[in-house]
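Undergrad: Input: one structure, supplied below.
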Amino acid sequence: MARYIAKRLLMLIPVLLGISLVVLILINITPGDPARMMLGTQATEEKVQEVREELGLNDPLPVRYGRFIWDVLHGDFGTSYMTGRPVFDEMMQRFPYTLLLVSISLGISIILGIPLGVFAATHQYTWKDNAAIFISLFCVSMPSFWFALLLIRWFGVNLRWLPISGIASWKGWVLPCVSMALGLIASIARQTRSNLLEVIRQDYITTARAKGLSEGKVIYRHALKNAMIPVIMVIGGIFGSLLGGAMISEVIFSIPGLGQYTMTGLFNRDYPVIQGSVLILSTLFAIVILIVDAIFALVDPRIRSQYSGKGKRKAGKRFEKETQAVETV
Amino acid sequence: MAALLEVHDLMKYFKTPGGMLHAVDGINFTLNEGKTLGVVGESGCGKSTLGRTILHLLDATGGQVLFEGRDITNPNKSELHRMREDMQIIFQDPFSSLDPRMSVCEAIMEPLILRGGMSRADMLAETRQLMDTVGIAARFENSYPHELDGGRRQRIGIARALSLKPKFIVCDEPVSALDVSIQAQIINLMLDLQEERGLAYMFVTHDLSVVKYISDDIMVMYLGQMVEKAPAEELFRNTLHPYTKALLSAIPIPSIHDKKKRILLQGEITSPINPKPGCRFMARCQYATGECACQQTLVECSPGHFVGCCRYEAVKYEAINNMEESK
Amino acid sequence: MTDNLLEIHNLAVEYHTDDAVIYAVNNINLTIKQGETIGLVGETGAGKTTIAKSALRILPTPPARLVSGEILYKSNDLLRLSEKEMRKIRGNKIAMIFQDPMTALNPIETVGFQIAETIKLHNRISRVEAERRACDMLEMVGIPMERFSDFPHQFSGGMKQRVVIAMALACNPELLLADEPTTALDVTIQAQVLEMMQSLKERLGTSVMLITHDLGVVADFCDSVAVVYAGEIVERGTVEHIFDFAAHPYTIGLFGSLPRLDSKSRRLKPIKGLMPDPTNLPKGCRFCDRCPEATAQCAEAAPEEIEIAPGHIVKCILARVK
Amino acid sequence: MKKKRKQSRLYDVWRQLKKNKLAVVALVVLVLLVLIAILGPYIAPHPYEQQNAKQAYADSSAEHLLGTDKLGRDILSRLIVGTRQSLEMGVIAVAIAAVIGMTIGAIAGFYGKWVDNLCMRLLDIYQAIPMFLLCITLAAILGPSLQNAIIALGIGTVPGYARLMRASVLTVREKEYVEAARAINAGDARIILKHIVPNAMAPLIVEITMGVGACILAGSALSFIGLGVQPPTPEWGAMISEARNVMREHPTLALYPGICVMISVLACNLLGDGLRDALDPRLKN
C-alpha cells in the first residue's frame, strides 16, 4: 500500500509539470500585456519595456518555464502584479477558507446524499422512489449560483436569520455550504441509487437472501458496501467540481478564499496569481483523488491484492478505473 | 492425398505482467481435405488460441502454417485476403459473434461485400441461397440478432463462414452455448455441409462426446501442448495419456447401466505462465515419476496415434494392475 | 406424517413485464422424499430455476408473480409462512447453490465470513464458535482452513463452487436446491465437485434437488428425475423409469439428441423446431408442434398426468399404462 | 411475423422511451426550446434591446408580462431571445467536446498499446485541473465573449467523452463480432466505423444529452461572472448577474432566468435518464 501511494505521488510530478507548462503556454499566446495592465494606458513605451524586462517577460518560453519551476521548488510562486505581495504567502493565508468551504460542502453532500439514494433504491417501483428521483434531478439541474442568490434573498434579506456575506461567525458558512452542496447531494443520491439497484440484481445478493438474512441485512451488510465502491470513485470528481464551484461561491459570499483570489487574478491578468492558484488547486485535487483511490483500494480486496503484488494478474484483463464525469457546477 | 493444412511447431505466447503465457506451445498436425480434427481440452488450454493463430487472427510467435503447401504464417495483405477466403471461423457465442446492429441479411452479405466483384442483386441472391442452405427461413431476412434464438444465430454464423466458399473452417465451440436439442440440429447441419462441400473442420470443444461424434482425428491439449492425438476410435479404445484417461473418465455418461470408475484428478489446472520444462501435467498425474521432469517428446506408438508421455507404456501396465487390485 | 420432505402442488409462476406475461411455471406437481436426490432436467428457459426459487421464496417480485399452488415442506405450506418464519427456513432447512460460482459470492467479504454468517444466523452461538465451524466446513469441502480469510477472487472457479457448497451445507439443511452447480466448471473439476457432493450428501443425509441440463450428471447422481419442458413437468419417475422406459416423446427426443460416447451412428436424431414462446404457449400439449407422434387431439386439450407405472408419471395422451 | 422496419433498433429505443412519460415531456420541452431559439427575435413581443427609461422595473402587466429591467427592457422578450445564446453554449460546446473526445477515445481504445498510453497520460494532465477551473481560466484568458465561452467549455469537457468512448470501445472491441469482421477481411476503418463506434455509442448518447444540460449550466455560470455573453445581448446567466444588485427590491428579475436555465437543464437530464433506460440492453429481455 505504501509503495502504491509513493508510486502515485511520483506520478504526480510529471502531471504538475505538465499543468504549469500548459498554463504558461496559454498565458503566452493570449493577447494583452501584463506590464501595460500594471502601468495603465498612460505609461510610456520605454517604461513598459523596462517593467517587462524586470519581470522577465522578454525571455524565451523555456527559460521562463525553467525559472518558474526552479522558483516553485524553492517555495516562491512570484509576486502578484497587482498587490505586489508574494503569491505563496497570500495563497497559504486563503487556503484554509477554501478547504473548509469545500470540505463542509462535501461532508453535507455525502451525509445526506447516500441515505437519500438508499431510500430511493429500497423503495423502487413506489411513488417514494419516483419523488426522490425527480427532486434530485431538479436539484442537479439548478444553477448553484442562482440558488445561492435565492437563499440570500430568503434567509438573509427576508428572514434575516443568516448573514448575506462574510464569514464573521459560523452562521456565515451556512448559506455558501448549503448552496454548494445541494446539487451534489442529488448527484451522490442518484449515483448511490443506480449502483445499489445494479448490485441488488447480482447473484450474490440472491445468495445472501437464500441464506435467510433479513432484507435489511442483505441491503446494508452485503449490497450497500459493494454499491459504495463506484460512489467513492465519484467523490473525487465531486471534489473537483466543488473547487470550481467555490470560485463563484466565494465571490458571491465574499469569502476570502483561494477561489476568490483566482478570480481576481484572472480578471486582472495577474499571471503569477493565475499560475500559482491553478497549480495549487490542481495539486489539492490530485491529492484528494489519490486519497480516494487509496480508500477505494482499502474497500475492494480485488484492487488491494493487485497493488500489494500478491494477486496474479490475468492477461488482457486490465483494471481500468474511469473517473466519471459529474454533472454539476 | 496432399495435406490441406499443415501446422509445424506453432507457438503463440502472450506477454503478461506475471511472465510469458504459453498459450500454444509447439503444436504439430496435418489435416486433409474433407476431414475433421477435433481439438479437446479444458478452459485455458489454448485450444481457441490455436484456431485463431492458424487463421492469423493472432500473430504467431513461432512455427509455420502451410495451407495447400503455401506458407501462410506471416502473410502480406493480399495473401491474407486470399487466405481468408479459403479459411473461415465459426464462433462459440452466437450472442456476441453477430453485430447487434446488422440484420440477418446484412450480416450474411457482409463477407460478399468485402470481397467485392459482385452486383448487389447477385449478392442478394447468393445470401438467400445461403440462408436456405443453413435453414433460416426467408422471413427472418430483416430480423436482428436479438430477435432470434441461439440456434438461428449460430446458423447465421455458419452462413457467414460459408459465404466465401472456404475449404477449411475453424469451429470454435460452435455448440457449447446451445441446448441439447438445438445442439443436435447444428451438429447435423455441419455434418451435412461437410459432406456436400468437402469442407475440412478443426472442431474446438471441451465436450468429448461431441468431438467423438464429429471428428476423424482427435487432439487433446493441456496447457498449450498436445498431449495425445489419435484417430477418434483409437483414442477412445486405446487411451494412453494419463490426462486423456482422466478427462474421458470424468465425462458423465447419460446411461444408468455402464457405471464406470472415475479417475479423480488432484488439484486444478496450473498456470501456463513461464512453465517449467518437462511434463506440464506432472503435478496432477498419479503416475508421475522423476523422469517426467524432462522434456517430453511425442511418440508415435501406433500409426497416427501420438502420445506426449514418456511413461505411457508403464502407465498402461500400472493401470491394468490397479484395476485388478480394485477387483 | 409422510416421508415426503417437500411436496409441490399445482405451482404456477408468471413474470409480468411491460409488454407481455411470461408463463414460466404452469401447474407443476413434484414430490421430494426424505434423503432422495431428484434431478430436474430441461433446457434453458424451461422454468427449472423458477421452481427452485419459488420453494425458497426468493423470486424477485415484481416481475415474478406466484399465481397458484402450494409448496408443502413437512406438511407446512411455505407460501403461507410469514417472511420471518420463512427466513428461519432459508439457509437453515432449505439451502440453495447457484449456477455461477463466479458471481454467487460477495466479492468484498472473506469466504470465511460468508460461511460463518449463515451459521451465526441460524444458531445461537458466539462469533468465535461460528468461525470455528466455518473452518470445519471449509475443511469438509476440501479447502484448507488457512484460506478462511481469503477473498473470493483469490479462488479458482472450482474452489469457489466448493465454498458455495460449504455455505449451503453450513447449517446442515434437510434439502439442498442445487441449480446447475457444475455447468460453469471444466469436466475434470465437475467430476471432483460431483464426487464431493455425493459423499457429503450421503454423510449428512441431505435431500437434493439437482437442476441440470446434463443427462449424464443425472444418471450419475440422482435417484429420480423430473423432465421439465416449457414450464411443465412432462415426465417424472425413478432414473430407471426415465432412462430405460422413457415414455414422453420429449424425453425420448432428448436422448436422441445426445451425442454419446457409446454410439456408432454418424447422425444425431434432433428434435425438430424450437421451444414454444413462453409468452404465447400452445393451447394443447406444449410439445405438440415438435412431437413426431402428435395427433389432432394433442393440439386441442392439454394432456392429463397419467401414472403409467407406480411413481412414473407422464403428461402425454399417447402414454399407455403398462 | 410483423412487417419489419429498416431502422428496427431506433424504433426499439423510441418504443422504450415512449413508456417514460417524463422523458417524453422533456423531449417536447427541448423541441420547444429549440424552436424558440430559432424563432426568438420573431416571436418576442418586444425588441429585446428596446429601452424605456420611464418604465424601469415595471411590474408585470399586459404589455410586459414579466415586467421590465432597469433600462425598461421587456424581460419576457429578453428571455426568449436569450434562449439561443444559452442553447448555443450547450449544444456547440458539447459538439466540440464530443467530436474531439470521441475521436481521441476511439483511437486510444482501438489501437491500445503506446497510442492508448500516450492519450491517457495526456488526459491525466488535462483532468488534473478541475474542470470548471479550467473552463473559467480558458474563458478568462481568451477574453469574455460568447464564442470564447463556448470554446472554453468545449475544450474543458473533452476528457469525459474521451474516457467514456475509450472505455466503451474497449468493451466492444473484445466482442466476438469484431473478430468475426476481421476474419472476413474487414479493414480497420470499417471495423471502427461500422462495427465498433455504432455499438459503443449508447453510453455516449446519454452522456451527450446530459452534457448539453451541464454545458448550459456551466455556460450560464460563466456569463454570470462576466466571462460569457456580453451586454446588451441577452443571456440567462448574464440576466441573473444584472439582477443580482437589485435582489432586495426586485427578486423576480433573477428568478425568471434561473427558472429558464433550470427547465432546460432538467429537460436534458430527464431525457438523458430516459435514454439510459431505453438503451440499456439488460432491460431488453
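The values are calculated or read from the model by the stated rules, or taken from the named source; none is laboratory data. Just so it is clear, the model here is predicted, and its values are computed rather than measured. Virtual Cβ from ideal backbone geometry, glycine too; neighbours counted across all protein chains shown. SASA here: full protein model, heavy atoms, side chains in, ligands and nucleic acids out. Shrake-Rupley method; radii C 1.70, N 1.55, O 1.52, S 1.80 Å.
Undergrad: Can you pull out the residues in region D:34-53 that are at pLDDT below 75 and not in a loop (DSSP other than H, G, I, E, B)?
TA: If the condition is that a residue be at pLDDT below 75 and not in a loop (DSSP other than H, G, I, E, B), then D:53 is the only one that fits.
Undergrad: Is it the case that region A:128-139 has a residue that's more than 25 Å from residue A:256 (Cα to Cα), open to solvent by 20 Å² or more (accessible area, probe 1.4 Å), more than 11 Å from every other protein chain (Cβ to nearest Cβ) and polar (S, T, N, Q)?
TA: no
Condition check ((1) within 14 Å of chain B (Cβ to nearest Cβ); (2) in contact with a strand residue (DSSP E or B) (Cβ under 8 Å, 6 or more places away or on another chain); (3) open to solvent by 20 Å² or more (accessible area, probe 1.4 Å); (4) among the aliphatic types (A, V, I, L, M)) across all residues:
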position	(1), (2), (3), (4)
D:21	no, no, yes, no
D:34	no, no, yes, yes
D:43	no, no, yes, yes
D:53	no, no, yes, yes
D:69	no, no, no, no
D:74	no, yes, no, no
D:78	no, no, no, no
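Undergrad: Please go through region B:11-69 and pick out each residue that is part of a helix (DSSP H, G or I) and not polar (S, T, N, Q). It would help to see each step written out before you state the result.
TA: Filtering region B:11-69 for residues part of a helix (DSSP H, G or I) gives B:47-54.
Selection gives B:47, B:50, B:51, B:52, B:54.
Undergrad: Pairs, please: C-beta under 8 Å, at least 6 apart or cross-chain, first residue more than 14 Å from residue A:236 (Cβ to Cβ) and in region A:281-301, second among the acidic types (Asp, Glu)?
TA: none
Undergrad: Can you name the number of the only condition in (1) in contact with an Asp or Glu (Cβ under 9 Å, 6 or more places away or on another chain); (2) closer than 24 Å to residue D:199 by Cβ; (3) in contact (Cβ under 8 Å) with a residue 60 or more places away in the chain; (4) open to solvent by 10 Å² or more (accessible area, probe 1.4 Å) that residue D:166 fails?
TA: (4)
Undergrad: Checking the conditions here, which among D:252, D:209 is open to solvent by less than 40 Å² (accessible area, probe 1.4 Å), hydroxyl-bearing (Ser, Thr, Tyr) and either within 14 Å of chain A (Cβ to nearest Cβ) or within 17 Å of residue A:144 (Cβ to Cβ) (or both)?
TA: D:209
Undergrad: Just give me the residues in region C:82-113 being open to solvent by less than 60 Å² (accessible area, probe 1.4 Å), under 18 Å from residue C:178 (Cβ atoms), more than 7 Å from chain A (Cβ to nearest Cβ) and not aliphatic (A, V, I, L, M), in sequence order.
TA: The one that is open to solvent by less than 60 Å² (accessible area, probe 1.4 Å), under 18 Å from residue C:178 (Cβ atoms), more than 7 Å from chain A (Cβ to nearest Cβ) and not aliphatic (A, V, I, L, M): C:101.
Undergrad: Regarding residue C:310, is this residue closer than 19 Å to residue C:30 by Cβ, out of contact with any helix residue (DSSP H, G or I) (no Cβ under 8 Å at 6 or more places or on another chain), open to solvent by less than 50 Å² (accessible area, probe 1.4 Å) and away from chain B (no Cβ under 14 Å)?
TA: Numbers: closer than 19 Å to residue C:30 by Cβ: yes; out of contact with any helix residue (DSSP H, G or I) (no Cβ under 8 Å at 6 or more places or on another chain): yes; open to solvent by less than 50 Å² (accessible area, probe 1.4 Å): no; away from chain B (no Cβ under 14 Å): yes.
For residue C:310, the condition - closer than 19 Å to residue C:30 by Cβ, out of contact with any helix residue (DSSP H, G or I) (no Cβ under 8 Å at 6 or more places or on another chain), open to solvent by less than 50 Å² (accessible area, probe 1.4 Å) and away from chain B (no Cβ under 14 Å) - is not met.
Undergrad: Here's a check for you: in region B:51-109, which residue that is closer than 20 Å to residue D:191 by Cα and of a type in the set (Phe, Trp, Tyr) is most open to solvent (accessible area, probe 1.4 Å)?
TA: Within region B:51-109, the match that is most open to solvent (accessible area, probe 1.4 Å) is B:95.
Undergrad: Spot the failing condition for residue C:240; the list is (1) over 30 Å from residue C:157 (Cα atoms); (2) in contact (Cβ under 8 Å) with a residue 24 or more places away in the chain, and only one is missed.
TA: Result: residue C:240 passes all but (2).
Undergrad: Tell me, yes or no, whether region D:144-157 has at least one residue that is within 28 Å of residue B:164 (Cβ to Cβ) and in a helix (DSSP H, G or I).
TA: As a first pass, look at region D:144-157 and keep what is within 28 Å of residue B:164 (Cβ to Cβ): none.
So far as region D:144-157 goes, no, none of its residues is within 28 Å of residue B:164 (Cβ to Cβ) and in a helix (DSSP H, G or I).
Undergrad: For residue B:286, which of the numbered conditions (1) more than 19 Å from the chain's Cα centre (by Cα); (2) surrounded by fewer than 18 Cβ atoms within 10 Å (Cβ to Cβ); (3) within 12 Å of another protein chain (Cβ to nearest Cβ) fails to hold?
TA: For residue B:286, the exception is condition (3).
Undergrad: Can you tell me which of A:153, A:94, A:160, A:201 is within 22 Å of the chain's Cα centre (by Cα) and of a type in the set (Lys, Arg)?
TA: Only one candidate qualifies: A:94.
Undergrad: Please go through region B:270-282 and give me each residue that is over 18 Å from residue B:318 (Cβ atoms) and open to solvent by 60 Å² or more (accessible area, probe 1.4 Å), ordered by number.
TA: B:270, B:274, B:276, B:277
Undergrad: For region D:84-112, which residues satisfy the criterion of being open to solvent by 50 Å² or more (accessible area, probe 1.4 Å) and within 12 Å of chain A (Cβ to nearest Cβ)?
TA: Correct list: empty.
Undergrad: Hey, another quick one. Across region A:148-194, what is the total count of residues that are among the aromatic types (Phe, Trp, Tyr), touching a helix residue (DSSP H, G or I) at 6+ places or on another chain (Cβ under 7 Å) and part of a helix (DSSP H, G or I)?
TA: Counting residues in region A:148-194 that are among the aromatic types (Phe, Trp, Tyr), touching a helix residue (DSSP H, G or I) at 6+ places or on another chain (Cβ under 7 Å) and part of a helix (DSSP H, G or I) gives 2.
Undergrad: Right, here's the next one. Please give the number of the condition residue B:181 fails out of (1) in contact (Cβ under 8 Å) with a residue 24 or more places away in the chain; (2) open to solvent by less than 10 Å² (accessible area, probe 1.4 Å).
TA: Only one criterion in (1) in contact (Cβ under 8 Å) with a residue 24 or more places away in the chain; (2) open to solvent by less than 10 Å² (accessible area, probe 1.4 Å) is unmet by residue B:181, namely (1).
Undergrad: Tell me which residues, restricted to region B:92-140, are under 18 Å from residue B:174 (Cα atoms), aliphatic (A, V, I, L, M) and assigned to a loop (DSSP other than H, G, I, E, B).
TA: B:98, B:136, listed by residue number.
Undergrad: Turning to a different aspect of this structure: Name, by its number, the condition in (1) within 14 Å of chain C (Cβ to nearest Cβ); (2) without any contact (Cβ under 8 Å) to a residue 40 or more places away in the chain that does not hold for residue B:279.
TA: (1)
Undergrad: Out of region B:111-142, which residues are within 11 Å of another protein chain (Cβ to nearest Cβ) and closer than 24 Å to residue D:190 by Cβ?
TA: Within region B:111-142, the first condition is being within 11 Å of another protein chain (Cβ to nearest Cβ), and the residues that meet it are B:111-116, B:135, B:137-142.
Matches in region B:111-142: B:111, B:112, B:113, B:114, B:115, B:116, B:141, B:142.
Undergrad: If you take the residues in region C:65-81 that are touching a strand residue (DSSP E or B) at 6+ places or on another chain (Cβ under 6 Å) and part of a helix (DSSP H, G or I), which one is least open to solvent (accessible area, probe 1.4 Å)?
TA: Selected residue: C:78.
Undergrad: While we're here: Kindly indicate which of C:283, C:264, C:272 is within 11 Å of chain B (Cβ to nearest Cβ), more than 16 Å from residue B:185 (Cβ to Cβ), part of a loop (DSSP other than H, G, I, E, B) and modelled with pLDDT under 85.
TA: Testing whether each residue is within 11 Å of chain B (Cβ to nearest Cβ), more than 16 Å from residue B:185 (Cβ to Cβ), part of a loop (DSSP other than H, G, I, E, B) and modelled with pLDDT under 85 leaves just C:264.
Undergrad: So, in region A:208-223, of the ones that are assigned to a helix (DSSP H, G or I) and open to solvent by less than 30 Å² (accessible area, probe 1.4 Å), which residue ends up farthest from residue C:87 (Cα to Cα)?
TA: Applying the first criterion (assigned to a helix (DSSP H, G or I)) to region A:208-223 yields A:208-210, A:215-223.
Now restrict to residues that are open to solvent by less than 30 Å² (accessible area, probe 1.4 Å): A:208, A:210, A:218-219, A:222-223.
Working: A:208: 11, A:210: 8, A:218: 12, A:219: 15, A:222: 17, A:223: 18 Å.
By that ranking, first place goes to A:223.
Undergrad: Can you name every residue in region C:27-55 that is touching an Asp or Glu at 6+ places or on another chain (Cβ under 8 Å), within 26 Å of residue C:89 (Cα to Cα) and open to solvent by 20 Å² or more (accessible area, probe 1.4 Å)?
TA: The answer is C:27, C:29, C:31, C:33, C:34, C:36, C:49.
Undergrad: Okay, next question. Condition test on residue A:251, is it assigned to a helix (DSSP H, G or I), open to solvent by 10 Å² or more (accessible area, probe 1.4 Å) and free of Cβ contacts under 8 Å to residues at least 24 places away in the same chain?
TA: Yes: the conditions hold for residue A:251.
Undergrad: Any residue at all in region D:86-95 that's without any contact (Cβ under 8 Å) to a residue 60 or more places away in the chain and either farther than 20 Å from residue D:276 by Cα or under 21 Å from the mean Cα position of the chain (by Cα) (or both)?
TA: Yes, region D:86-95 has at least one match.
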